Every structure is written in C-alpha cells, then in structure tokens.
1. List every residue pair whose Cβ atoms lie under 8 Å apart, where the two residues are 6 or more positions apart in sequence or sit on different chains, the first residue falls within the range 68-84 and is on the phi > 0 side of the Ramachandran plot, and the second residue, located anywhere, is modelled with pLDDT of 95 or more and part of a strand (DSSP E or B).
2. Any idea which of (1) surrounded by 16 or more Cβ atoms within 10 Å (Cβ to Cβ); (2) out of contact with any Leu (no Cβ under 8 Å at 6 or more places or on another chain) is the one LYS499 doesn't satisfy?
3. Kindly indicate whether THR282 is surrounded by fewer than 16 Cβ atoms within 10 Å (Cβ to Cβ), at pLDDT below 75 and assigned to a helix (DSSP H, G or I).
4. Please verify whether the range 560-577 includes one or more residues that are among the basic types (Lys, Arg) and at pLDDT 75 or above.
5. Could you list, in sequence order, all residues of the range 633-653 that are surrounded by fewer than 18 Cβ atoms within 10 Å (Cβ to Cβ) and at pLDDT below 70?
6. Looking only at helices (runs of 4 or more DSSP H) that fall completely inside the range 351-421, which ones have 3 or more residues that are out of contact with any Gly (no Cβ under 8 Å at 6 or more places or on another chain) and at pLDDT 65 or above?
7. So, in the range 427-457, exactly how many residues are crowded, with 22+ Cβ neighbours inside 10 Å and either on the phi > 0 side of the Ramachandran plot or touching an Asp or Glu at 6+ places or on another chain (Cβ under 8 Å) (or both)?
8. Specify the residue that is surrounded by the most Cβ atoms within 10 Å (Cβ to Cβ); the eligible residues are those in the range 18-70 that are under 30 Å from GLU491 (Cβ atoms) and small (Gly, Ala, Ser).
Amino acid sequence: MLIKKMLRDMKHNKTQFISIFLMAFLGVFIYAGVGGEWYGLQQTSNKYYQDTNLANVWIYGNNFSEEDVEAVSKVDGVSQVQRRLSLEAVAVLDNSPSVTLHFIEKNNISKAYRVTGEDFSAQKDGIWLDDQFAGARHLKTGDTVTVTAFGVKLEKKILGTVLSPEYVYSTGGNDIVPNHANYGFAYMPVSTFPKQMKMVYTELLITTGKTPDASLEDRINSALNGHYSVYLDRDNFGSYSMFYNEIQQHKAMGSVFPVVFLAIALLTILTTMTRMVNNQRTQIGTLKALGFQKRTILLHYISYGFWLSLAGAVTGAIVGPLTLPRLFYSTMQITYTLPEWKPSMSPLFFTMALVTVLLCTLATYWACRSNLRDTPSQTLRPKAPKAMKQGAYENTAFWAGLGFNAQWNLRDILRSKLRSIMAVVGVLGCTALLVCAFGLQDTLSDVVQWQYSDLYRFSTKLSLSEGVSEGTAASVLKETDGQALMEGAVEVKANGIKKSGEIMVTDRVSLIKYTDAGRKFMELPSDRISISYKMSELLGVKAGDRVSWHIYGQEKWVTGEIGAVYRSPVSQGITLTRELFEKSGFAFIPTAVITGLNVGTLPEGVESKWSKSDLTESYETMAKAMNIMVYILITGAVLLAVVVLYNLGVLSFTERLRELATLKVIGFQSKKIRHLLLTQNIWLTVTGIVPGIFLGKWLILLMLSFMGDSFDMMCIITGFNIITSTIITFVLSVLVSFMFSGKIKRIDMVSSLKGVE
C-alpha cells in the first residue's frame, strides 16, 4: 500500500521529484564523468611511463664519459643510468621540419614505444621515427628519410615508428600546441652517428627506486664534480609537468562543480519533502490511527529521497564515465600523445554516489521527523499557520515608507528563509558557471591579442639554421630588413629555488614590445637582466634582487641584478640585451630573425619561417580544445537555473496559496499578484547574481592555476561577459516566473481559505 502511495505522490509532484533526480544525477554525472576522464588519463599514463621506464632525472652536460656513468650509478638512490646524444636536425621535406635526434646505446630508460615496424635495436642501421610526425608527413616503415645536422646529411631507412614517454607533450620552438607536421623526434643507434663527427654524449637518463629526494642532486653533483649544466626531475620536465597539470586541472573541475549540484539536490529534497509532509498531515494521522508505527511511516517518507537519489546517483556514476571522457579526449588528442585513450572507473565514483544518497536520505529524514512526533489526533488536524512576530524593523520610518509590494515580499522572504536561500544559491551557481564559461573564452582570446598583437609587432619570424655563419646571418638581416634574436633554454635560481625557462637575447630589437604586471607598456633596461612576472613569482624575487642563471648545455652560472619585471602570457624566463650578454662572457649567436615584411622564399641560412597567422593558429587550436569545457559549463548553468527556479516556483506557489487567495478576495487582480511575485523573484535573482560573478572569477583563477609554469594568462572578465551572464540568468528567472501566471488565475479561493478547525 505504501509503495503505491509513494508512486502516486511522485506522479502528482513529478516536477519536484524529477528535479531531485536531475540534481543527484548531474552531481555524480559530472564527478564520475570528468573523474573517469582524468582517472583514465592517470592510469594510462602511469602504465605508459612504467612500461617504457620513464627516467626520474635528466642530467644535461657537454660530454659524459663512461666513468661519469659509473660514478652516477654508484650514487645512493640511483637504480639505472643511461647516456645519449640529443641534437636538433632538419628533415629534408617540405617546409624543413625540425627533428630531435636521440643517439642511444641502449633502449632501457625512456624506451621507444613501438607502434609499427621493428623493435629498436642498437645493432641495426636505420631510424625509428616519431609515429605522429610520420603520419603527418605520410611516411611509413620501409621509407627512406633524410635529415641534416651541422651540415651533415643522414639518409636512413625507417625501421619503425615509435612513441616516447618524453614526448607526451612536445612542440617546436614557435608552437604552443603540437604541430606534428613541423616537429618530431627520432631514435637512432650510436653506431649510425657520422664517423667524421666526434661523438659527444649530452644527456644522462637516471631512474631511481623511489621519488628522488631533495639531496639527490647534491650527491650526483659530487659524483660528477659539478661537470654538468642542468638537473631536471620529473616534476620540472616539460612534457611530464604539462600533462600532470592538465590532469590536476580536470580533477579540480570535476571536484568543485558537483558540489553545487549536490547542494541544490539537498535543498530541493529538504524543501520538497517538508512541503509534502506538511500537506499530508491528515494522511499521516490516518496511517497512525490505522496502526502503522512511526518507524514504518518515517521509512516510507525517507524512501522518497532514497530511491530518487539512488536512481540519479547510480545512473550518473555509470553514464558519466561512458560519455564525458569521449568528449574531452577528442580535443585533448590534439595536444597530447598517448598509446591509448580510455576512461577508467574509480572506487571514488561509487563513494560519491553513496555520499549523495546518504546526504539526500538524511535531508529527507530531517524534513520528516518533526511531523511524526505528534499523536494521531494532533496529526489528523491541519497544521496551524506559523505564528508571525512583528520585527523591530517594522516600527522604523524606513519600513513605513515602503509600499505594500516591498513590505509583503520582505516579510515573505524572512518567513521562508530556506526557500529564499535555495533560490539565491541556484542563481549564484548559474551565474558563476556562466561567468566562468564566458570568462575562459575571453581569457584565451585575450592571449592572442596580448601576445601576437600587443607584444609581437613583426609579420614573419625566420628560424636560422644551426651553425649558420655570421656572414650568412648578416645577409638574412639585410635582405629582410630584420632584427636578430638569440633564443634558448635557461635555468634560473634564487632563494634556493631553481626553475627552467627561456632566454631571449635581443640586438636592437624594436618589433617586440613589453608590458608590466598591469599590462602597461614598458622599456627594459639595457644594463641589467629582465625577468618575466610568472618566473619572478615562482622564484620569489622582484626588481632589485639578484638571480643566477645559465644556458642549457653550459656549466657557467652568471649572477645579475633584476632591472625590470615584464609580463608575458606564453613565455617565461629572462630577457637581456646583446651587450649585457656578451659582457657576461657569452658569444651572441642569432637563432632567429624577425621582420615586418611578409617573406616568401626562404633566404639562404634560414631553416623555417613563421608568419603571424601561423603563430596565432597554433594558439587558437588550443583554445578550441577548451571549448568542450565551456559548453559543459553553459549546459550545466542553464539546467541548474531552470530546474532550481522552476522547482522553487512550484514550492513557493503552494506554500503561499492561502496568502494569494486572500489577496484575490480583497480585490487584487491576477496581474497585480503576478507583479508581486515577480518582484521577489527579481530581488532574489539580483542577490544571487552579484556573488555569482565573484565566484565565477574564482573558478577561472582555479582553472588557470593548473596551466603550468609556462603560461601566465590573466583572468579576463569583460563587461560583455557580465552583462550576458546576467541577462541569461534574468531571462531564465523571469521565464520560469511567468510559467506560474496561469496558476494564479485558477486558485480555488474556497478550499485555499478554509481555516484550521
């Protein structure tokens, strides 16, 4: 009998119960869906790193001997050591793509992961090419490819295509998002290295039995007597840290947003069940009079919240991992390279579902417990209206100056605090999600304007061939009316902190501008180094402080004073003039030329060229990959607003039925009553919108905090964003309010005004 009653009640109050189901479903759906995506990436990448024995530490230097390998292998905490030579080459193909060649003795650490062809063998004469690069260039196993390095050509047969755990995320010098047609890597046995060139091992790959401790570098430094230039652990290795930060960003998103839906589900259950139990006092009294125990009746009403939340949570836990990860993976594959992409189920998903069901059930119990304490005779009588006390504020001159509309709505809000709070929370969540969604789009679009219009004023960037002569470089500068740059990797340290970044040495460059932390244009000093804002934050330094730096591949450290802090969204490191660079004991060797001309044919000595459209296209590809997150946020915001506001509208109308009937009896027209209700709706909407804007900004900052050390995007919330988010929220609120206009006309004043006997 009670089961039939429950089904009948659900049918009569389907709107409220559907909203409970939807909120429970959405909360677990997003948590499990996004969780299945990032947990799948975590599981897949961990297995990939384990199968390929990804190095824990990378040591870069000029020439590592067998004695160095032996010395490092004896260091406490070191398990394996392998040396290799890595150098930049150019493939003899259209547009001269860059290829990083790795000449290795063994394939034991950071192993090449075979996709097609043969497994890597140190005894064979051939090349194992990046599978993504080969696909982009329509190359396959058995083809021949030619690469040049230091003026020497190597023509090799492709014995296999491979992936590498070091290249999950990899870009060429001017790309933000990988362009596999322009950049790749290859593994080659040391036996294939040109005989006319001296073999110099530039890297040591190290594995450790556990996560490297802070003192490992000191022990390796002692073993090598300081003869190395860079020490990198996994957390600071570009590919690993970029992918790790991506996972953490999605993990944060999947943890924060479900809280909003779960909170709404709890409030919805609390308000819906409170109203239902109050309306069914007579039925509860009848059940008690018929002999049903309090426990049986309590479990009956608790089952409403239990079964609905259970259905929503279980459905969300199953459907989420099967759908959302596919949406993310399709865009993430543009940026990252893994051998497989598949979601994974975590016990946490079912824990979240269990917590959702438990909290919803507790909320139902809280709503029902008070009405079940009364005796059958008390319960059979309708509950007396709540006694209202006149507040002190009602005796003020301010209150007296308010009209009837304002006074009635203020009293109603204060009398129904839970319902009002629920309305504010729903509007707040809707606004926050919309502001976050549009703000992410604005933030990403702003980078294109900031980096490629405000800072970069050149039309073409030409990458010079490695080892180009001074005369050839001068000829390129003259032919293109260009300006010379020297770019490279640098390590900067201060306050006991060491970070990797980029160094740019300029030679009377005017086609690159700089902005300070507030985005105002500034001039950099010529006699001191300048440091990017993000790098200064990471190192805890400011203008006037001193930092030490050195170029990758060179052991010499230089200490200098910071003359200025500039801000750049996509490149972090230091900048200095050619004069200061040469004064520090280095030779200025230009690596690129920038020009205001649109260069067609590549001049002699130029390896590749990049137009401004090429540079912006790379970034816009990454922005497109973020759109899936934006769409999810907008969809969630609209669903949240519609479900919450409609449910509250039904609840509010039912609770105020007696008051609304009274207003009609004393002569208020339906139009006037509609205006009365709309006023309160607008008040609550405005109250939720304002903090929602700030919460939306916080969500954007949370997302940006996981972008990694290379990016320094500013949170952009435009006036158009705020206006659009406000209008959408207002429109949804007003539309839901007007959905109840017909109900006001159909109020049965006789039954609504029957008093308590």
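The values are calculated or read from the model by the stated rules, or taken from the named source; none is laboratory data. This is a predicted model, so every value here is computed, not measured. FYI the Cβ positions are ideal-geometry reconstructions off the backbone, even for glycines, and counts take in every protein chain you see.
1. Once the first residue is on the phi > 0 side of the Ramachandran plot and sits in the range 68-84, no partner that is modelled with pLDDT of 95 or more and part of a strand (DSSP E or B) comes close enough.
2. Result: LYS499 fails condition (2) only.
3. Numbers: surrounded by fewer than 16 Cβ atoms within 10 Å (Cβ to Cβ): yes; at pLDDT below 75: yes; assigned to a helix (DSSP H, G or I): yes.
Judged against the criteria, THR282 is a match.
4. Here is the first cut: in the range 560-577, the residues among the basic types (Lys, Arg) are 567.
Now drop any that are not at pLDDT 75 or above, which leaves 567.
Yes: the range 560-577 contains one or more residues that are among the basic types (Lys, Arg) and at pLDDT 75 or above.
5. Of everything in the range 633-653, just one residue is surrounded by fewer than 18 Cβ atoms within 10 Å (Cβ to Cβ) and at pLDDT below 70, namely PHE653.
6. Numbers: elements: 376-379, 397-400, 404-415.
Helices (runs of 4 or more DSSP H) meeting the threshold: 397-400, 404-415.
7. So the count comes out to 0.
8. Out of the qualifying residues, it is ALA55.
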